[in-house]
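Report on the following structure.
The values are calculated or read from the model by the stated rules, or taken from the named source; none is laboratory data. Just so it is clear, the structure is predicted and the values come from calculations on it, not from any experiment. Ideal geometry is used to build each Cβ from the backbone, glycine not excepted, and the neighbour counts take in all protein chains shown. In case anyone asks, the SASA skips ligands and DNA or RNA and just uses the protein heavy atoms, side chains included. Shrake-Rupley method; radii C 1.70, N 1.55, O 1.52, S 1.80 Å.
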Amino acid sequence: MKLAFYPGCSLEGMARDYADSIDAVFRSLEIGLVEIDDWSCCGATAAHSLSEMMAVALPARNIAAAEKMGLDVVVPCANCFNRMRFSQAMIRKGIFDVPWSVTGKTRIHDMTRFLSRDDMIEKIRRRLLRPLSGLKLISYYGCQMVRPPRITGFTDYENPQTLDRLAAAAGADVLDWSYKTTCCGASIGIGRRDIQEALTRKLLAKAVRTGADAIVVSCPLCQSNLDSIQADAGGRKLPIFYFTEVLRLALTRVGRSQRWLRTHIADPVPLLRARRLLP
Amino acid sequence: MHDNAAHRRSARSDVNRRHRIGDRGDHFLRRVEGETGANLSACYQCERCTNACPVSAFMDVKPHQVIRYIQLGWRETLLASSTVWVCLSCEMCTTYCPNEVGVAETINHLRKMATHSTIRPKEPHLAVFHQTFLEELQRFGRVNEFWLMGALNLKPGVLKDKIRSGALRQEIELGYTLWRLGKLKLIPHRCKAVRGIRALYRNRYAEKD
Ligand code: SF4
Ligand code: SF4
């Protein structure tokens, strides 16, 4: 099985660790990811906010490239996914003039949704090397992956399940909580740090009250917000895992160096040792 | 007596300063409805959008008021509000509106209107951030976080404000931590397609090089 892969800008920088773990997980599931050749930025919130034309045209370029490959696209970043689906919906209307030949017929999958299909869950269960029993996880979806439902195609946007199913497949104890899709503040911290901190701290406090050991996310910006706010906080730190890191932990051998686990500000290694998931 | 007269005078000037309801016709409402396709006339001010909004406490015009103000034609008040910049496009409002009013899409549209207007943005840093992001995108075709923050800090006034508020120190500390963790890409990648992207942007806005 082969898929076209659109990583997005974050995965080259702040979310390097996400990219690494995606690579490891898809390798171990024996699914080929073919990076879209010379992909460009989706425009993110800026294009969406300032220019309707760029909001449609920028993702359209990548969709056109994927169409040429003739493969379904899988997107790990929630915002990229949202922007691509939005652009695709506009292209399908047939009234937008973009300089690339594009039909909008290619299927664009959110990565969590793709991996939480029944056959994929089955595959993960069969290959489990280290079930994460005893690890209490909650999943956090944020906004862009699930809303607006007419664009993202999520029908359970109030209580989404994709990350929960994946964490459960990895053998973890998945807890329920009510802030799954409450916004983390996105990039507002750049201009208004006070708003950012208010929103992010509320999420972390609720996570602690729920009794979670760690949070599972799929969005690079959510991860960065939830993780970096803990840089100056004393006391117990709450690791923020990408869901692919959870899967990697369950599916592959972890070498002595544990280097790839040491890329977060809230270091998860002490927790994993305490739960006897690492030597 | 004298006090009373002064009071009356000030009350009268208050009235004059207040927006008179309904004196602007419905052309702004029709314009925004026409451009966004959102059925703003269906709003019955239940405030569900505002209650669902994670940042309504930080807005001067709350989401349900945005819709009402459009109905009343208060364009300047809306474009000068902090709301258009504080809104996160999180889509909670639209998702929970019982009348399927596209609140988030409408606020996003107002943000575009504000960008093209001469009204000074109430949240200049947020406005300049979006602008810088698009500039960086046109420079490399992809956006590099390190270069983006650098370009942002070079915008007029940004660095000064950051030094004053202590945000710069926090930013440098975080940058160092990220670099230590190997998560800071210092050298940006330049897309081969960047020329096409620039040309697209230029042609649409009829600028010539
Ligand atoms: S939720 Fe909808 S109907 Fe209610 S106030 Fe907001 S826009 Fe109006
Ligand atoms: S989209 Fe904007 S106005 Fe609507 S709920 Fe989110 S932050 Fe509030």
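Peptide A:36-46 is shielded by partner chain Cβ atoms: per residue, an average of 6 of them sit within 10 Å of its Cβ. Checking every one of the chymotrypsin sites (Phe, Trp or Tyr not before Pro) in the stretch B:24-74 against DSSP loop status and a limit of 13 other Cβ atoms within 10 Å picks out B:44.
Which angle between 0 and 90 degrees, to the nearest 10, do you get for helix A:52-69 versus the longest principal axis of chain A when only C-alpha atoms count? The angle comes out at about 80 degrees. Peptide B:182-191 has a mean shielding of 4, counted as Cβ atoms of other protein chains within 10 Å of each residue's Cβ. Per residue, chain A reaches -13000 deg cm²/dmol at 222 nm when only DSSP H runs of four or more residues are counted, each adding -39500 (n - 2.57). Rolling a 1.4 Å probe over the protein heavy atoms of chain A, with every protein chain left in place, gives an accessible area that is 48 percent carbon and sulfur. Burial of accessible area (probe 1.4 Å, heavy atoms of protein chains only) in the stretch B:54-90, relative to its chain alone, reaches at least 40 Å² for B:54, B:58, B:88, B:89, B:90. Mean residue ellipticity, 222 nm, helices only, chain B: the sum of -39500 (n - 2.57) across DSSP H runs of n ≥ 4, divided by residue count and rounded to 500, is -17500 deg cm²/dmol.
Farthest towards the positive end of the charge dipole of the stretch A:2-113, among the residues A:81, A:8, A:101, is the Cα of A:101, using unit charges on the Cβ of Lys, Arg, Asp and Glu.
The mean accessible area for residues of the protein assembly as shown, using a 1.4 Å probe and ignoring ligands and nucleic acids, is 46 Å² per residue. One chain, two ends: residue A:92 and residue A:34. Fully extended at 0.36 nm per residue, the span grows by 18.4 nm beyond their Cα-Cα distance. A DSSP coil position with no more than 11 other Cβ atoms inside 10 Å describes the following trypsin sites (Lys or Arg not before Pro) in the stretch B:158-200: B:192. Across peptide A:136-143, the average count of Cβ atoms from other chains found within 10 Å of a residue's Cβ is 1.
Taking chain A as a Gaussian network of alpha-carbon nodes connected by springs under 10 Å, the highest mean-square fluctuation of the residues A:217, A:56, A:98 belongs to A:98.
If you sort A:257, B:82 by accessible surface, 1.4 Å probe, largest first, the order is A:257, B:82.
Charge dipole (Cα centre; +1 on Lys/Arg Cβ, -1 on Asp/Glu Cβ; no other charges) of the protein assembly as shown amounts to roughly 560 debye. Here is the short version for chain B: B:43, B:46, B:53, B:87, B:97, B:191 have no other Cys C-beta closer than 4.7 Å.
Could you check which residue among B:79, B:40, B:134 shows the biggest mean-square fluctuation in a GNM of chain B with a 10 Å Cα cutoff? Largest GNM mean-square fluctuation: B:134. One decimal place: the segment residue B:131-residue B:172 gains 12.5 nm when fully extended, by the rule 0.36 nm per residue minus the C-alpha distance. Interface size, chains B and A: roughly 4800 Å² of accessible area buried, both sides included, 1.4 Å probe, rounded to the nearest 100.
Mean Kyte-Doolittle of at least -1.0 plus a Cα span of 15 Å or more along the axis: flag which DSSP H helices in chain B meet both, please.
B:103-115, B:124-140, B:167-180, B:194-204
Compactness check for the stretch A:2-113: Cα Rg over 2.2 N^0.38 Å is 1.03. GNM remark for chain A: springs join alpha carbons under 10 Å apart, and the peak mean-square fluctuation among A:146, A:102, A:216 falls on A:102.
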